[in-house]
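We did not get these values from a lab; they are worked out from the coordinates using the rules stated. These numbers were taken from a predicted model, which means no experiment stands behind them. Ideal geometry is used to build each Cβ from the backbone, glycine not excepted, and the neighbour counts take in all protein chains shown.
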Amino acid sequence: MGNLYAPTSERAKALHGEKPVELDLTAIEEADQIGAGHLEIVPRTYRVLSNNFAAGEQGSDVDLAMPVEQEAALIQGGHIERVGAKPAKKKG
Amino acid sequence: MTDALVIVNGVTLSDHGNSVQVEDNRDPVDITAFGAVVKQWAKGLGDGKITIGFFQDFAAGKVHATLQPLISSSTGIVVEVRPTSAARSATNPAILMTGSLFNYSGLNGNIGEASTITAEFLNTGSGGITYPTS
């Protein structure tokens, strides 16, 4: 599951364009790109599923900018889900 | 200590915690030179460790669901503990560290006992342990 990044360096803008881009980076690639100043994580909307997540009340939507591994840990733990990321229900 | 606050990766797990240990250390560096009659020490690199004990719970959103994904993750997450669950203040400072989970004892106990596990976080950030009061 990729993350949404804003290119911030001239190099990244030349590679990806000026607008935010969805990239499927590993945690190491992501940390390298952010640490080098090429990319910045764009906040995404998440729905809070658990009653013990500090960023928001259960059932509320919150905007968060998280590294891929942190997001994966919270999704796997049942704390959040991406808004609009649910697969369409099958008919019949 | 009766009401400590425990937040791991933004998830409040205080209601399952039963012990907290914070270690904010500096390596001792021996700088004793010839002619000295007593040892002299300088402070070297800092280090931080937060160890938290929990009653294990495998339900969604609880202890295992929150901690288990972190053992295979290399991305640092924020661990915060406070003496009490009240808001941060000068008398109830937060103890904050960006760290990773290095040891996780997922199941531990004897017959007839609650499963009490420990999670050991080591510092992975550049700032070590900090103590914000607001």
Quiz item: Considering the dipole of chain B built from charges on the beta carbon (Lys and Arg +1, Asp and Glu -1) around the Cα centre, which of B:GLY46, B:SER19, B:LEU5 is farthest to its positive end?
Solution: B:GLY46
Quiz item: Once you average over the residues of A:43-54, how many Cβ atoms of partner chains fall within 10 Å of each Cβ?
Solution: 3
Quiz item: When we measure straight from the Cα of B:LYS43, which aspartates and glutamates land under 15 angstrom away, once same-chain ones fewer than 8 places off are left out?
Solution: B:ASP24, B:ASP27, B:ASP30
Self-check item: Label-point separation in nm, B:GLU120 to A:THR26, each point 7 Å along Cα→Cβ
Solution: 2.7
Quiz item: Distance in nm between label sites at B:LYS43 and B:GLU23, each 7 Å beyond Cα in the beta-carbon direction?
Solution: 1.8
Quiz item: Which value, in debye to the nearest 20, gives the size of the charge dipole of chain A about its Cα centre, when Lys and Arg are +1 and Asp and Glu are -1 at the Cβ?
Solution: 600
Practice problem: Enumerate by residue number the trypsin sites (Lys or Arg not before Pro) in the range B:27-134 meeting two conditions: DSSP loop (anything except H, G, I, E, B), and at most 10 other Cβ atoms within 10 Å of the site's Cβ. | Solution: B:LYS39
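Please give the charge dipole size of the range A:1-42, origin at the Cα centre, charges +1 on K and R Cβ atoms and -1 on D and E Cβ atoms. Round to the nearest 20 debye.
Details: 3 positive and 8 negative charges, 30 e Å.
Charge dipole of the range A:1-42: 140 debye, to the nearest 20.
Rounded to the nearest 500 deg cm²/dmol, what is the calculated helix-only ellipticity per residue at 222 nm for chain B, with -39500 (n - 2.57) per DSSP H run of length n ≥ 4? Don't skip to the answer; put the middle values down first.
Details: 1 runs with 9 residues, N = 134.
Result for chain B: -2000 deg cm²/dmol, rounded to the nearest 500.
Write out the trypsin sites (Lys or Arg not before Pro) in chain A meeting two conditions: DSSP loop, and at most 15 other Cβ atoms within 10 Å of their Cβ. Write out the running numbers ahead of the final one.
Numbers: sites: A:ARG11, A:LYS13, A:ARG44, A:ARG47, A:ARG82, A:LYS89, A:LYS90, A:LYS91; in loops: A:LYS89, A:LYS90, A:LYS91.
When the trypsin sites (Lys or Arg not before Pro) of chain A are filtered for loop state and at most 15 Cβ neighbours within 10 Å, A:LYS89, A:LYS90, A:LYS91 remain.
As a footprinting exposure proxy, order A:MET66, B:MET1 by other Cβ within 10 Å, with the fewest listed first. Walk me through the numbers before you get to the answer.
Details: A:MET66 22, B:MET1 8.
Ascending Cβ contact count within 10 Å gives the list B:MET1, A:MET66.
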Quiz item: Of B:GLY53, B:GLY76, B:GLY109, which is the most mobile in a GNM of chain B whose springs link Cα atoms less than 10 angstrom apart?
Solution: B:GLY109
Exercise. Mind putting a number on the dipole of the range B:1-111 about its Cα centre? Charges go on the C-beta only, +1 for Lys and Arg and -1 for Asp and Glu, and I need it in Debye to the nearest 20.
Key: 140
Self-check item: Residue mean of other protein chain beta carbons inside 10 Å, B:5-13
Solution: 5
Quiz item: Going through the range A:1-43, which GluC sites (Glu not before Pro) have at most 16 other Cβ atoms within 10 Å and a DSSP loop state?
Solution: A:GLU18
Quiz prompt | Cα pair distances in the protein assembly as shown, grouped into 10 Å bins until the bin that holds the longest one, percent each | solution = 7, 26, 30, 21, 10, 4, 1, 0, 0
